[in-house]
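**Student:** Here it is, the structure, as structure tokens.
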Amino acid sequence: MKLTRGKITELVNEPGCEHNSKEGQSNKKACKQQAQPGAAQGGCAFDGASIALVPITDAAHLVHGPIACSGNSWGSRGSLSSGPVTYKTGFTTDLSENDIIFGGEKRLYKAIAQIVKNHQPAAVFVYSTCVTALIGDDLDAVCQAAAKKYGTPIIPVHAAGFVGSKNLGNRLAGEALLDHVVGTAEPEYTTPFDINLIGEYNIAGEMWNVLPLFEKVGIRVLAKITGDARYQEVCQAHRAKLNVMICSKALINMARKMEEQYDIPFIEESFYGIDDMNRCLRNIAEKFGDAELKQRVEKLIASENAALDQKLAPYRARLGGKRVVLYTGGVKSWSIISAAKDLGIDVVATSTKKSTEEDKARIKKLLGKDGITIEKGSPQELLKVIEQTGADLLIAGGRNQYTALKARIPFLDINQERHHAYAGYEGMIEMAKELEEALYSPIWQQVRCSAPWEVGIGEPIAGNREQGTGNSDQEIANSEKELIGTVVPVAEPIAEIGGV
Amino acid sequence: MTTITQPKKAAAVNPLKLSSPLGASLAFLGLKGMIPLFHGSQGCTAFAKVILVRHFREAIPLSTTAMTEVSSILGGEDNVSTAILTLAEKAKPDVLGLLTTGLTETRGDDMQRILKTFRNQHPELDWLPIISVSTPDYKGAMEDGYAATVEQIVTTDYGTLAESEDSIPSLSSDRKARVTILAGSLLGPGDVEEVKAIVEAFGLTAVMVPDLSGSMDGHLDDGFNSVTTGGTTLDDLRRLGESSFTIAIGESMRKSAVALKQKFGTNYEVFPRLNGLQAMDRLVLRLSKIVHSRQDAHFVQPYEVPETFNRQRRQLQDAMLDTHFYFGRKRISLALEPDLLYQTSWLLHEMGAEIHAAVTTTKSPLLENLPIETVTIGDLEDFENLAVGSDLLIANSHGRAIAQRQNIPLYRMGYPIFDRFGNGHRCLTGYRGTVQFLMDLGNLFIEVEESQINH
């Protein structure tokens, strides 16, 4: 695939994407999402392509460019593997000034040879970057020649950073898979209930909360695109009967084109929250239209939900009525609301920055009339909303972690780099646990209180200082008591409450 | 003399090197009221941000000129000027740090010209100093970008004190001698803090350039800030010429010290390292000489050193005695940037350890003089191969996988360290920092020894 302007425009205008579904006038703002000079910045297209492809565990991922692109980013993503670890190795051509003057193609070819020889990967994904795109290195030709010579699939990924946002990079990664990977191998066998999971990257091992559920009801996940995937399974993805897009519009082009090319229908689901997980299983069964499967799904849902209700009860008691502000992109902006509701938490405000019209409609329904939607997402804006709403906690991506913490506000990380798996039924417990810990941590009062010698704060202390002229031991003891009194009592461990 | 090798590999595997723009942004972050601006694609900034946030566990102000494919072809002039205007309005910085990237250097944006045009078009922003540095990703490593930036910081013309009328009283009341400390990238915020304390214990004013201890030291501010809240102030930068001496820490700071000498005639001394007994003795002696030189020539007194340093020095000697049993003949492999490699490997050598392997990121005159026969400019794959059979690895957090595979303990140094707390505070230089370093390593060795006995 040669990357042309036309191709990019086509991807930005992806018809499957609801950002564009408004008739006549297309609202592609979210897809373009090009950062503005001087504004806050997100990842580039290369970043997006890496996020989507690097989780293929037995492939090597070679970044063709100067050191920054790989050197500053390798090994930082949270996708986990159940087996091969080739994907964790950072490979880059680390171009020098000479390479840039004379062209980097030779070096790239040699780099592929070195990787194939020393690491025997199932495939090599080669990523172009701004510099190599600018100097015009012919990635396709080099990859083709190397693939021929070494008999290993070498896949060019044309997602130089400057072509656009992370989101576009995701789609470009999808294009690379469609052009070079999907449909290149046949599965050993197929079952009537073969599905692909698209857009789930197994962050913190999240997918492993969900796969056993599918297995229990007899749904086979043929290809995971791309969390904990093996290269081979992605090659066979075209034989699935249904594509399930997870929590992401990012690879919508892939789902839509697979429908066109291979006649595989797709549905869009979320693994976050009890209702959503239930709906996901039900919708899949519904799509297959198999009565027995539906029955198995209902049975599973009933038993999982019952067990979960019991386990969540103590958390619900502690979390009920808490107010949170949610700041995240796209689908998560509503899927997390529903997860929060399951725990009895009020989402008082949420972002709609990257959300589609459909997402927004859902959000409105879920939030109710008092809910605030945040369009712009500068940290200041976010803090203002938190203050206005009197929220107890911010749920957002890692990038806003320090925005919240520095403002002494409890925080829950739900993006890429997190260390906890929140998907599926199991994930709900994990999320409840994390929320409970964050909200009830005994530190909040302490980090918010000023030093006793500072003026105009810490009333009990100031009061004591004024009347403390008598200065008896008793008074000092009193003031200490009051000092301690200002600290919120330490939360009791949840296990004990569970016993009640 | 150490031989320098550079493996002829087409692909770097598990890179050790970080980009020079990343180093540049780190140096900029040591100035107060600063927001660094990357002239490149949005990803250049995003990656740098992620790595610094993970290392320091702080909100890091960084911004981008957001170059696109089209602007990369037509030229980034508009992007630069829009970015500066936006930042001046929204972030309200005291000073801007503008750095280039591989993308904009390859395309050949002429920053001098772009800035000149910008200045002509926007005289209303004359109050805002812009420090510009060229840091192509394809040249050098983090240490180089950091050093180049410090050089630009000290040579940029900040104008004379415009409000000179107001500042005269403060000048006259500030009778302490000022000493410029060029803090190389081998010093973290905790180290910078320690050096500052050492200098000030002599009754001198330490002008740290840059001063990461004010900005990256993990402290809680009031209110939200989109620029750094601590660091070298603009006032300090304007008064660099008043300093009576320059102390450059890290060989990479030499050029900046020379630049200050050329600009202001300030004498300097380069300290390629600031750990271990002798290196620290040298600093203390230098500081006492600075104090001494300012005394009235008619009443010359002997060199005076604050008592605290005699005590700290004896504590270090004691720590060396206590821990030396654990260092003798230990084979230690290091993967660090040149300045840090030099400082750390010599200290280990002086403690009786053997340097088993040394891998680094970029060229430096220091590499010819290491306590090992060969040093490799390479990646962590080279390191993994060379480190086989060591007793201890010293590298950044990426070394963990190697440590696990080879079952060797890892002591984390360099950038990034994302699986340990305290990078905003850790101090491994000075007498006290050296004690800390020896204790840390000694404890690691004890742990290994005990686990072996239990088997």
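The values are calculated or read from the model by the stated rules, or taken from the named source; none is laboratory data. On a predicted model such as this, the values are computed, not experimentally measured, just so you know. All Cβ positions, glycine included, derive from the backbone under ideal geometry; neighbour counts span all protein chains shown.
**Student:** Can you tell me which of A:TYR425, A:TYR402 is at pLDDT below 90, hydroxyl-bearing (Ser, Thr, Tyr), outside any loop (DSSP other than H, G, I, E, B) and in the same structural domain as A:ARG318 (by TED's automatic domain parsing)?
**Tutor:** Values: A:TYR425 fails: at pLDDT below 90.
Within the list A:TYR425, A:TYR402, the selection yields A:TYR402.
**Student:** Can you confirm whether B:MET280 is crowded, with 17+ Cβ neighbours inside 10 Å and in contact with a strand residue (DSSP E or B) (Cβ under 7 Å, 6 or more places away or on another chain)? Write out each step before concluding.
**Tutor:** Values: crowded, with 17+ Cβ neighbours inside 10 Å: yes; in contact with a strand residue (DSSP E or B) (Cβ under 7 Å, 6 or more places away or on another chain): no.
Considered against the rule, which asks whether it is crowded, with 17+ Cβ neighbours inside 10 Å and in contact with a strand residue (DSSP E or B) (Cβ under 7 Å, 6 or more places away or on another chain), B:MET280 comes out as no.
**Student:** Can you tell me how many residues within segment B:304-362 are hydrophobic (A, V, I, L, M, F, W, C) and over 28 Å from B:GLN6 (Cβ atoms)? Reasoning before the result, please.
**Tutor:** So the first thing to find is which residues in segment B:304-362 are hydrophobic (A, V, I, L, M, F, W, C), and the list is B:305, B:309, B:316, B:319-321, B:325, B:327, B:332, B:334-336, B:340-341, B:346-348, B:351, B:353, B:355, B:357-359.
Add one more test, that the residue is over 28 Å from B:GLN6 (Cβ atoms), and what stays is B:305, B:309, B:316, B:319-321, B:325, B:327, B:351.
Residues flagged as hydrophobic (A, V, I, L, M, F, W, C) and over 28 Å from B:GLN6 (Cβ atoms) within segment B:304-362 amount to 9.
**Student:** Restricting attention to segment A:55-64, which residues are more than 7 Å from chain B (Cβ to nearest Cβ), of a type outside the set (Val, Ile, Thr) and under 21 Å from B:PRO136 (Cα atoms)?
**Tutor:** Just the residues of segment A:55-64 that are more than 7 Å from chain B (Cβ to nearest Cβ), to begin with: A:55-61, A:63-64.
Now restrict to residues that are of a type outside the set (Val, Ile, Thr): A:55, A:58-61, A:64.
Selection gives A:HIS64 alone.
**Student:** Of the residues A:ALA122, A:ALA145, A:ALA113, which single one is part of a loop (DSSP other than H, G, I, E, B) and over 19 Å from B:MET67 (Cβ atoms)? If you could, list the steps in order and put the result at the bottom.
**Tutor:** Details: A:ALA145 fails: part of a loop (DSSP other than H, G, I, E, B); A:ALA113 fails: part of a loop (DSSP other than H, G, I, E, B).
Answer to the selection: A:ALA122.
To keep it simple, each residue is scored yes or no on (1) of a type in the set (A, V, I, L, M, F, W, C); (2) over 22 Å from B:THR228 (Cβ atoms); (3) away from chain B (no Cβ under 14 Å).
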position: A:GLU358; (1), (2), (3): no, yes, yes
position: A:ILE363; (1), (2), (3): yes, yes, yes
position: A:GLN380; (1), (2), (3): no, no, no
position: A:ILE386; (1), (2), (3): yes, yes, no
position: A:THR389; (1), (2), (3): no, yes, yes
position: A:LEU394; (1), (2), (3): yes, yes, no
position: A:LEU412; (1), (2), (3): yes, yes, yes
position: A:GLU426; (1), (2), (3): no, yes, yes
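**Student:** Taking into account only those residues within segment A:100-122 that are of a type outside the set (Val, Ile, Thr) and surrounded by 24 or more Cβ atoms within 10 Å (Cβ to Cβ), which is nearest to the other protein chains (Cβ to nearest Cβ)? Give the steps one after another, and end with the answer.
**Tutor:** Step one: filter segment A:100-122 for residues of a type outside the set (Val, Ile, Thr), giving A:102-111, A:113-114, A:117-122.
Remaining after also requiring surrounded by 24 or more Cβ atoms within 10 Å (Cβ to Cβ): A:104, A:108, A:111, A:121.
Working: A:GLY104: 10, A:LEU108: 8, A:ALA111: 4, A:PRO121: 12 Å.
Among those that are of a type outside the set (Val, Ile, Thr) and surrounded by 24 or more Cβ atoms within 10 Å (Cβ to Cβ), it is A:ALA111.
**Student:** Filter segment A:181-199 for residues that are outside any strand (DSSP E or B) and either at negative phi or in contact with a Phe, Trp or Tyr (Cβ under 7 Å, 6 or more places away or on another chain) (or both) and give the result. Lay out the reasoning, then the answer.
**Tutor:** Let us first name the residues in segment A:181-199 that are outside any strand (DSSP E or B), namely A:181-193.
Answer for segment A:181-199, where residues must be outside any strand (DSSP E or B) and either at negative phi or in contact with a Phe, Trp or Tyr (Cβ under 7 Å, 6 or more places away or on another chain) (or both): A:VAL181, A:VAL182, A:THR184, A:ALA185, A:GLU186, A:PRO187, A:GLU188, A:TYR189, A:THR190, A:THR191, A:PRO192, A:PHE193.
**Student:** Kindly indicate which of B:ASP157, B:ASP144, B:ASP137 is touching a Cys at 6+ places or on another chain (Cβ under 9 Å) and either away from chain A (no Cβ under 14 Å) or modelled with pLDDT of 95 or more (or both).
**Tutor:** On the way: B:ASP157 fails: touching a Cys at 6+ places or on another chain (Cβ under 9 Å); B:ASP144 fails: touching a Cys at 6+ places or on another chain (Cβ under 9 Å).
Step by step, each of B:ASP157, B:ASP144, B:ASP137 is checked, and only B:ASP137 is touching a Cys at 6+ places or on another chain (Cβ under 9 Å) and either away from chain A (no Cβ under 14 Å) or modelled with pLDDT of 95 or more (or both).
**Student:** Now for a separate question. Scan segment A:177-193 and tell me whether some residue there is buried (at least 24 other Cβ atoms within 10 Å of the Cβ) and touching a Gly at 6+ places or on another chain (Cβ under 7 Å).
**Tutor:** No, the conditions are met nowhere in segment A:177-193.
**Student:** Identify, please: which residue in segment B:8-59 is β-branched (Val, Ile, Thr) and without any contact (Cβ under 8 Å) to a residue 60 or more places away in the chain and is, among those, surrounded by the fewest Cβ atoms within 10 Å (Cβ to Cβ)? Talk me through it step by step, then tell me what you get.
**Tutor:** Our first condition is that a residue be β-branched (Val, Ile, Thr); within segment B:8-59, this holds for B:13, B:35, B:45, B:50-51, B:53.
Then keep just the ones that are without any contact (Cβ under 8 Å) to a residue 60 or more places away in the chain; that gives B:45, B:50, B:53.
On the way: B:THR45: 28, B:VAL50: 23, B:VAL53: 20.
If we take residues in segment B:8-59 being β-branched (Val, Ile, Thr) and without any contact (Cβ under 8 Å) to a residue 60 or more places away in the chain, then B:VAL53 is surrounded by the fewest Cβ atoms within 10 Å (Cβ to Cβ).
**Student:** Looking at A:ILE476, A:ILE457, A:ILE409, A:ILE461, which one is at pLDDT below 80, among the aliphatic types (A, V, I, L, M) and assigned to a loop (DSSP other than H, G, I, E, B)? Full working, then the answer.
**Tutor:** On the way: A:ILE476 fails: assigned to a loop (DSSP other than H, G, I, E, B); A:ILE409 fails: at pLDDT below 80; A:ILE461 fails: assigned to a loop (DSSP other than H, G, I, E, B).
Matching residue, one of A:ILE476, A:ILE457, A:ILE409, A:ILE461: A:ILE457.
**Student:** Taking strands (runs of 3 or more DSSP E) that fall entirely within segment A:213-285, which contain at least 3 residues that are under 17 Å from A:LEU53 (Cα atoms)?
**Tutor:** Values: elements: A:220-226, A:242-246, A:266-269.
Correct list: A:220-226.
**Student:** Looking at segment A:73-89, is at least one residue at the interface with another protein chain (Cβ under 8 Å from one of its Cβ atoms), under 26 Å from B:GLN6 (Cβ atoms), among the β-branched types (Val, Ile, Thr) and in a helix (DSSP H, G or I)?
**Tutor:** Checked segment A:73-89: no residue is at the interface with another protein chain (Cβ under 8 Å from one of its Cβ atoms), under 26 Å from B:GLN6 (Cβ atoms), among the β-branched types (Val, Ile, Thr) and in a helix (DSSP H, G or I).
**Student:** Still on this model: Being surrounded by fewer than 20 Cβ atoms within 10 Å (Cβ to Cβ) and part of a helix (DSSP H, G or I) is the filter here; which residues of segment A:125-142 pass it? Give the derivation first.
**Tutor:** Applying the first criterion (surrounded by fewer than 20 Cβ atoms within 10 Å (Cβ to Cβ)) to segment A:125-142 yields A:135-136, A:138, A:140-141.
Scanning segment A:125-142 gives A:ASP140, A:ALA141.
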